[in-house]
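Report on one structure; see the data block that follows.
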Amino acid sequence: MLFVRPRDPEREVWDGRRAGVEGAKSEYEADAAFKIEEFREKLGDLLNGTKHLYYRVGEDAELDDMVIKQIARMRALGRRGVHAPESITDPGTILHEMRLIKTDEEIAVMSRAADITAEAHREAMMSARPGMNEYEIEALVEYVFRRNGAAAPAYTSIVGGGANATVLHYVNNNATLRDGDLLLVDAGAEYETYAADITRTFPVNGRFTKPQAEVYELVLEAQLAAIEMVKPGVTIDELHNRSVEILTAGMVRLGLLEGQPAKLIEEETYKRFYMHRLGHFLGMDVHDVGRYQLDGQSRRVEAGMVLTIEPGLYIADGAEGAPDKYRGIGVRIEDDVLVTADGNRVLTHAAPKQIEEIEQLMAQAKG
Ligand SMILES: [Mn+2]
């Protein structure tokens, strides 16, 4: 049963066509439809005798007020045989779990969002040159999204050259790209209401320096190892912990940290350079709904879930104790991974991430 805005030829001149009450039935397959203005009046009858009300409190104060007052009125009429709902349940408890497991149709749409986003990242690699501004890359990436029919970026694009890549939520995107720096691009398209979320880090001039390559290869090693583990039954924490193990051991090898990896993990010293979680659920929202813990335990992933795998290392310009050659380097590599019955599928595979692939693509683009 839908309550909708009625047809209104005068308003429709300004705002566009409405399906109206009739359209709610013929186009949207509602069993019954009414004007939204009738909602308050019909609410009492609809709630009378209903045991459980599924309603999300706290989204709309006016509607909350209407519902609560209606229930209070009904309680007062108890002796006349009017029965108010016994419970109010957040429909999110059901809907969010449904959103977490994707249908084949949803997977097809998310694959398209991923393909569009991968194309944008490839074009960013092919176009980047020293002297360009971060916002030029941002504009290009978002142009590729729209060119392919995506509605918009799924979140504010992060385009950070050099040390800007070490600022996790950098969104100024207005610095000049410098020869010899890396560029981190974290951007994803929203297509048919579904999000993609890719991060790639590549050299502005097309060639990784040795220190850049050392940090990059370490992050890539952690990312590939975590992706390899993605299959039904593995927990979110097991994936994250694997990335911590690999990155911490690598940081000791590179001289970014000193000491026993096990101890550095226990004392969380690794968080100086790897301070975020490995990833998140992805779907209609970029940080999608769904619980990461069940009964206090890290959740096991299931077929049909889509999650991002996005380890990173961020060595700020002023990072004390870090070898000079690594300062100002920020690297994150992020892909969108669908859990399948026997493993996983990387939806964003079309965005290059091996050093040789990236350098080759960028060299070709320069001609
Ligand atoms: Mn992400």
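The values are calculated or read from the model by the stated rules, or taken from the named source; none is laboratory data. The shown structure was predicted, so the numbers you read here are calculated from the model rather than taken from an experiment. Positions of Cβ are generated from backbone atoms using ideal geometry, with glycine treated the same way; all protein chains shown enter the neighbour counts.
A few comments on the model shown:
- Test: residue in the range 113-129 that is of a type in the set (Lys, Arg), closer than 26 Å to Tyr216 by Cβ and surrounded by 14 or more Cβ atoms within 10 Å (Cβ to Cβ): yes
- So Tyr155, is it out of contact with any strand residue (DSSP E or B) (no Cβ under 7 Å at 6 or more places or on another chain), assigned to a loop (DSSP other than H, G, I, E, B), at pLDDT 95 or above and at negative phi: yes
Each row is one residue, and each column tells you yes or no for (1) over 18 Å from Pro91 (Cα atoms); (2) in contact with a His (Cβ under 6 Å, 6 or more places away or on another chain); (3) in a loop (DSSP other than H, G, I, E, B).
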| position | (1), (2), (3) |
| --- | --- |
| Glu29 | yes, no, yes |
| Glu38 | yes, no, no |
| Thr50 | no, no, yes |
| Val57 | no, no, yes |
| Asp64 | no, no, no |
| Arg75 | yes, no, no |
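- The sole residue among Tyr314, Tyr216, Tyr274, Tyr270 that is part of a loop (DSSP other than H, G, I, E, B), hydroxyl-bearing (Ser, Thr, Tyr) and either within 16 Å of the ligand (Cβ to nearest atom) or surrounded by 19 or more Cβ atoms within 10 Å (Cβ to Cβ) (or both) is Tyr274.
- So Met229, is it within 16 Å of the ligand (Cβ to nearest atom) and within 21 Å of the chain's Cα centre (by Cα): no
- The one condition in (1) within 16 Å of the ligand (Cβ to nearest atom); (2) surrounded by fewer than 23 Cβ atoms within 10 Å (Cβ to Cβ) that Pro211 fails to fulfil: (1)
- Condition check for Asp179: over 17 Å from the mean Cα position of the chain (by Cα), away from the ligand (no atom under 16 Å from the Cβ), assigned to a loop (DSSP other than H, G, I, E, B) and not small (Gly, Ala, Ser): yes
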